[in-house]
Amino acid sequence: MPSVHDWINNPLGIVDGLFAQSNSCPDWEKKIVEYFKEKLKLNDAHTWVPSLNDVPLHYLKPNSLVKFRCMIQDMFDPEFFMGVYETKDPTSNSKQVKCGKYKDITEGGQVDFNSRNTVTSERQTFYCVPIPGESQWNSFAGASQARVVPSTSYVPNRHKRSYEEDDEMDTQPQQMKDGSQGAQSSTESHGNIEPKRQETEAPSHDSSPSHCTSSLDLNFSLPGEKGPACLVKVYEDWDSFKLNDMLEVFGILSVDPALSVIADEREASSLLDPTEGMETVEEQRVHSPPASLVPRLHMLYAQPLVHNNPLLPSSVLENNGDYLSSVLGELASIRAELLTYLTHVLLGDSLAAEYLILHLISNVYSRRDVLPLGKFTLNLSGCPHSSPFTEHLYKVIQQLVPSSYRLYMSLYNMNNQRMVPRKDYTANRLVSGTLQLANNTSLFLDETQLEQGQLDATGVRNITALGNLISWQKVDYDFNYHQMEFSCNINVLITSEGRSLLPSDCQVHLRPTLNPPNLEEYLSAVQVVQVPSQLNKYRIYLSVARALNYTISDEITKAVEEDFVEMRKDDPQSMSAEDLHRLLDVARLLSLSHGQNTLSRDGWMKAKQLEALRISRTPQQKCVNGNEP
Amino acid sequence: AASPSSFAQKRLSGKSRAFHASRSASEDPLSPPSQRSRAHDTSTELQPMPTSPAMDTAAQDVSLFSSPMAPEVDVSSPLMYGTPSSRVEGTPRSGIRGTPARQRADLGSVRKAPQVDMHSEPVSESCCHSPIFVLFLQRFLQQFTDPNSREEENAGLDLNEPLYMQKLDEISVVGEPVLNVNCSHIQTFDADLYRQLICYPQEVIPTFDMAVNELFFDRLPDSVLEHQIQVRPYSALKTRNMRALNPEDIDQLITISGMVIRTSQLIPEMQEAFFRCQVCAFNTRVEVDRGRIAEPAVCRNCNTTHSMALVHNRSAFSDKQMIKLQESPEDMPAGQTPHTTVVYAHNDLVDKVQPGDRINITGIYRAAPMRLNPRQSQVKSVYKTHIDVIHFRKTDEKRLHGLDEDGEQKLFTKERVAMLKELAAKPDVYERLSSALAPSIYEHEDIKKGILLQLFGGTRKDFTQTGRGNFRAEINILLCGDPGTSKSQLLQYVYNLVPRGQYTSGKGSSAVGLTAYVMKDPETRQLVLQTGALVLSDNGICCIDEFDKMSDNTRSVLHEVMEQQTLSIAKAGIICQLNARTSVLAAANPVESQWNPKKTTIENIQLPHTLLSRFDLIFLMLDPQDEAYDRRLAHHLVSLYYQSEEQIEEEYLDMAVLKDYIAFARTSVHPRLSEEASQALIEAYVDMRKIGSGRGMVSAYPRQLESLIRLAEAHAKVRFSSKVESIDVEEAKRLHREALKQSATDPRTGFVDISILTTGMSATARKRKEEVAQALKKLIQSKGKTPAMKYQQLFDDLRGQSEAAITKDMFDEALRALADEDYLTVTGKTVRLL
């Protein structure tokens, strides 16, 4: 029986074994998937699997099982491959039926294309990138789990390796395999390609921009992102995946150097043989990049991620009743502490801190025809222009949420940044933009950076896109001949001096009560005080509160109705349908922030108070120029 | 399988009448010189090369049929260059023997190794290749009639006569040797034949070619054609969607729809290489096999090794073009990116399509293995797939030409249609549908009803013969009202509901973005017409938010679109008129952020009345401010927040039904006015005119009558009724009145006054304006002979004199009126008498 190390180190051996066992039986494919699923379920087995996010690529063994926490950035066309094929040994003329699943390249002997045993199967390729804007603490937490990885070839603290060592390291397991399996790709080719791989260095580790990464655009949504991009080959149910989904993929790593060889050869030969490679050079580069830079990952199993907070169990929260109740017990105290912390950060403004908590736990939980429900875009006005305040505020938020991005809304950025993803038909890929973000990413729009000036066409388009994002929680991707709508779930926080030029659900005018002489020092001091364990509590709190369910009883519905009618009677102008919408949103988030699943009368009154306080701050300037949100 | 030559003989003896396999034709002394010269070369070369032993039967069958045609390509001219069709034939020929066959690159190279083999069932050759099969195909051509045909292509043909025989006659007249065959015709004729065509197109189509040619030259022996007729089947029902393609479709005939996103340049593909021995000038030909030429190492005449040299200009080439096709946006599930497929067009199908075109293509789906490296045996375990196109059909062509709803007619299952009809039979279907529209938006019943009718549209009528052109069938609606009354939401909803919806915001769009512009393609330097939102939403709805923020320039293009339903373009040398049969759903905010009930609609939104009068319905979305309403609204909103998953599910179902219902009604129901309804409409119009005439106002114009007709027709469509009846007229009247009540009520008098919308000013306002002007004139006259006056002083005087409050606007207006009379001029701050 294969041992633990076998299914992680040599999953293909198991695949081949299972394939050979169930010779003609058609359900061998299912069996393989079941086998690995079972293995991964066993007591935390999934933490033993090395993660592509944390371990540099060149430390990972080719053809071993790895995991990758990622977002689907682009979906390529489905491809047909040889699921089962027959090879012919030219010398002995013996034939052998082989399984082509989870592999990029056929192995051993001449492939007999005319064999009756050939089975053509279909698979889909997703281009996956690490989740954009993942906070530092997030990947650290993830790494700490993966440290336990018992990977034979994982030798940390060794950046420069000699050729001999390389060969030794690679051939060793290879020989092992050869002994047990026989047919494996030759060790020679590995030896040949090793220096190349060393040169290219996994971009995640190398802080200096290497020449390779600059020549190949890995297509990250956010500028300055790092990490491995991956071509994930999906064998089952690819229709169930959507663009921008967050996944944890368990799959077989394929970095066969032969994959890169084709790319090189093709480029040279494309001129000579136009019929062979109809793909443009750009397309080639995107769809078959060197495997050392963009490894292939043959998916065995994928877990869709509801959240990317490593501190929480990754499975759906409802199934973890025990966990939830343990968190809920502490909830009230954590909330109070978080509120104090945020109040300090917001210079003593507890109302703004309260709203900030509501904002941080907001989540689009449903859509009614076109209307997204649950979004809560906060406009924090009254932020001082050109001061370190917004920067520190972002740092604080970054510390609290799993992924976030701060968008400087400077004129230059608005006019030059590509926000909306665009389809590049020459390269046949979706060129990412800043707004291609995974669900529940915190987008921090810093409007204090905006000066007066001229917006050009791109700028107008970007502003429109931001407006659409906020109002409808959707981004219209540009497909040149048409636009395509992708719904999203992004928490947008806008900091501005006056009222933001973008629409928002709720505007809170900052009213500082503290006036520290040195703002910078004060803000850093506030952050330093927070110990990591405390921060972790906040992080768990925010993720849990966001995922809670919520209902309104009939009784409360009645009460709310009464209240609304009452308020309208006094002054119909003061309370529009939109105000009621907002009030219901605030009430919902307020209840959730206290860990309550349902709206109580008390909660409703509190929400009203909160709103009254907030409105009393903002000068009545609704609809400045007839602009509708 | 039988050896090729013996088979050919068998066929000859079987059908000795007129048909000769083209291979035998080359040996025929009567064949034109071009072919005779061929025979000189080497007759043995004409034999299909023995194929590798691993070739399975299917592949051999192919060689039987395509190889006899392939050598027919004329190569006698030393200047042979490019496509066979490009050469000029001096001698007229006729008859099947005189007409060269043309290689069918679309069916694939002869000696291609078998593609990925998915058929477990061997080709039923006996049936596929026997003369009986040819006869059978001919019988289809001779007998098939389609009395109910609605296809545009069949216009002018006698539908009760055999359809394809008429088409053959057409070919002889037009001289384009292509016969398009609708696969659904074959299916109705013989399901088994259809199945064979779908599964083995590579075998059946050449046989079909044979059958057609034989028939054609039998019937019209004197016709002269450029090459033999090629059959192009289309509308194979096998696959409609690119996403549904799977390995089982390989090597089968498929039809998919999509949008062209890229086309390559023309690629001359070598079909046959011509070699000449450098020593003895012996010629030989080698067919290209999977892009590779097996260069002969030894001259077979003089046995010299490595003496054969390729002669380029005597080799045969065919045109080829790569086309990238992308899934149409409508076919895609939400949240996924569109798929693309590579399509190869051959010979005369090259350059038939342009990027941006929506097309249906019929072709053979191919997959070929990718070799990693020619020197290595390792193979990338992935196949390259493409489609060899046999037939293109542009689906958006009708946008430029006539009417053709056929292309986009959605296919409904019988059950679905029955379900929709059942729904239509319900007495309250109108209310049901309108409440299913944007359920998250509260009340505004009449507005939703109006939009519902807009979604259905009126009946299209063509008066081109009488010189009036098209009669607008689309209903335009304007929503105006306070900000925050979910106008945008309603627009978003409609945009998401209709397949051809466009959403633009007045703020962000320019006239160019709305209409069309001419762009120079950087690659080809070709001028390309890029269409904007209005043209793109042809047959759909164009939603324009923030209509009031639109620049005047942009708005002006709407004038043409909203009445004539066309768009004229004269730019960069392109002058054309595009159809833009779009309904406009616009939303406008009042100028002063809040709706001022004391002002008229025009004054509130500041839009030119010329444009306003083109809207059939103008609704106000205002806060009603009454307690019962508030209560219901609150209830509605609260329930939004905690509705369970199932309820939401149900609603989505409703949206799907609504979509189908509308699509079905739009394509299948074309109501006409009944006698009774016409009477009712006339009465309604006369009544409307009467209302105003009592007060010396015109309260209805012919435009309003047209609106009424459209609304009534749309309402009949809602009921799936082919006749407009009086209930339809009643509802149209009610809705129209309702909308008028909201938008055309004169705030000063409280009466409905259509002139507010048609002339921009109510009759009372106009009267008042005149009064002020007269008062001002009197005042000036009373001042005696002062040639010039101070503006401010005059204003003060007038205000002092008049008992009613006179605003500056009114004063200015009065001055302008007097200026128009040439009584005075205003220059700066002084008023001069003339």
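The values are calculated or read from the model by the stated rules, or taken from the named source; none is laboratory data. Note that the structure is a prediction, hence the values are computed from the model and not measured. Heads up, the Cβs are rebuilt from the backbone with ideal geometry, glycines too, and the neighbour counts pull from every protein chain shown. For the accessible areas, the whole protein counts, side chains as well, though only heavy atoms, and no ligand, DNA or RNA atoms are used. Shrake-Rupley method; radii C 1.70, N 1.55, O 1.52, S 1.80 Å.
A few remarks follow.
- Among the residues of the range A:77-116, those identified as part of a strand (DSSP E or B) and more than 8 Å from chain B (Cβ to nearest Cβ) are A:Gly83, A:Val84, A:Glu86, A:Thr87, A:Lys88, A:Lys95, A:Gln96, A:Val97, A:Lys98, A:Cys99.
- Qualifying residue in the range A:489-508 (condition: of a type in the set (Gly, Ala, Ser) and open to solvent by 30 Å² or more (accessible area, probe 1.4 Å)): yes
- In the range A:30-56, the residues that are open to solvent by less than 20 Å² (accessible area, probe 1.4 Å) and either among the aliphatic types (A, V, I, L, M) or under 19 Å from A:Leu12 (Cα atoms) (or both): A:Ile32, A:Val33, A:Phe36, A:Leu40, A:Ala45, A:Val49, A:Pro50, A:Ser51, A:Leu52, A:Val55
- Residue check for B:Lys324: modelled with pLDDT under 75, in contact with a strand residue (DSSP E or B) (Cβ under 9 Å, 6 or more places away or on another chain) and outside any helix (DSSP H, G or I): no
- Subset of the range A:463-479 [touching a Ser or Thr at 6+ places or on another chain (Cβ under 9 Å), among the polar types (S, T, N, Q) and either open to solvent by 10 Å² or more (accessible area, probe 1.4 Å) or assigned to a strand (DSSP E or B) (or both)]: A:Thr464, A:Ser471
Residues are listed down the side, and each one gets a yes or a no for (1) in the same structural domain as A:Ser504 (by the TED database); (2) under 22 Å from A:Ala353 (Cα atoms); (3) open to solvent by 40 Å² or more (accessible area, probe 1.4 Å):
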residue	(1), (2), (3)
A:Glu555	no, no, yes
A:Lys558	no, no, yes
A:Glu561	no, no, no
A:Asp571	no, no, yes
A:Asp579	no, yes, no
A:Leu583	no, yes, no
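- Restricting B:Glu603, B:Glu676 to those that are modelled with pLDDT of 75 or more, assigned by the TED database to the domain that holds B:Lys723 and open to solvent by 50 Å² or more (accessible area, probe 1.4 Å) reduces the list to B:Glu676.
- Selection over the range A:353-367 of residues that are within 14 Å of chain B (Cβ to nearest Cβ) and open to solvent by less than 10 Å² (accessible area, probe 1.4 Å) gives a count of 1.
- Filter result (open to solvent by 40 Å² or more (accessible area, probe 1.4 Å) and assigned to a helix (DSSP H, G or I)) within the range B:339-362: B:Asp348
- Top-ranked residue in the range B:300-323 [being out of contact with any Leu (no Cβ under 7 Å at 6 or more places or on another chain) and either open to solvent by less than 10 Å² (accessible area, probe 1.4 Å) or among the hydroxyl-bearing types (Ser, Thr, Tyr) (or both); ranked as nearest to the other protein chains (Cβ to nearest Cβ)]: B:Met322
- Residue check for B:Ala294: without any contact (Cβ under 8 Å) to a residue 40 or more places away in the chain, within 14 Å of chain A (Cβ to nearest Cβ) and part of a loop (DSSP other than H, G, I, E, B): no
- Filter pass, A:Tyr425 being among the aromatic types (Phe, Trp, Tyr), out of contact with any Gly (no Cβ under 9 Å at 6 or more places or on another chain) and over 19 Å from A:Val528 (Cα atoms): yes
- Every test in (1) within 24 Å of B:Leu237 (Cα to Cα); (2) at pLDDT 75 or above; (3) within 10 Å of another protein chain (Cβ to nearest Cβ); (4) surrounded by fewer than 21 Cβ atoms within 10 Å (Cβ to Cβ) is passed by B:Gln336 save one, and that test is (1).
- Residues of the range A:570-590 classified as at the interface with chain B (Cβ under 7 Å from one of its Cβ atoms) and either outside any helix (DSSP H, G or I) or not small (Gly, Ala, Ser) (or both), total: 7
- Scanning the range A:394-439 for residues that are among the small types (Gly, Ala, Ser) and open to solvent by 20 Å² or more (accessible area, probe 1.4 Å) yields a count of 1.
- One residue from B:Gln326, B:Gln336 being within 30 Å of A:Gln436 (Cα to Cα) and free of Cβ contacts under 8 Å to residues at least 24 places away in the same chain: B:Gln336
- Enumerated strands (runs of 3 or more DSSP E) restricted to the range B:168-267, each holding at least 2 residues that are closer than 25 Å to B:Lys384 by Cβ and open to solvent by less than 30 Å² (accessible area, probe 1.4 Å): B:230-234, B:253-263
- For the range A:342-352, residues that are assigned to a helix (DSSP H, G or I) and open to solvent by less than 10 Å² (accessible area, probe 1.4 Å) total 3.
- Taken over the range B:582-600, the criterion of being hydrophobic (A, V, I, L, M, F, W, C) and either touching a strand residue (DSSP E or B) at 6+ places or on another chain (Cβ under 8 Å) or buried (at least 18 other Cβ atoms within 10 Å of the Cβ) (or both) is satisfied by B:Val584, B:Leu585, B:Ala586, B:Ala587, B:Ala588, B:Trp595.
- Selection status of A:Val508, under 16 Å from A:Leu360 (Cα atoms) and either among the basic types (Lys, Arg) or in contact with a strand residue (DSSP E or B) (Cβ under 7 Å, 6 or more places away or on another chain) (or both): yes
- Counting only strands (runs of 3 or more DSSP E) that fall entirely inside the range A:353-408 and contain at least 1 residues that are at pLDDT 90 or above and over 19 Å from the mean Cα position of the chain (by Cα), the qualifying elements are A:378-381.
- Scope the range B:430-447; condition surrounded by 16 or more Cβ atoms within 10 Å (Cβ to Cβ) and in contact (Cβ under 8 Å) with a residue 24 or more places away in the chain; matching residues: B:Tyr430, B:Leu433, B:Ala436, B:Leu437, B:Ala438, B:Pro439, B:Ser440, B:Ile441, B:Tyr442, B:His444, B:Asp446, B:Ile447
- Scan of the range B:228-241 for residues that are out of contact with any Cys (no Cβ under 7 Å at 6 or more places or on another chain) and at pLDDT 80 or above, ordered by number: B:Gln228, B:Ile229, B:Gln230, B:Val231, B:Arg232
- Qualifying residue in the range A:124-132 (condition: in contact with a Ser or Thr (Cβ under 6 Å, 6 or more places away or on another chain), modelled with pLDDT of 85 or more, crowded, with 20+ Cβ neighbours inside 10 Å and outside any strand (DSSP E or B)): yes
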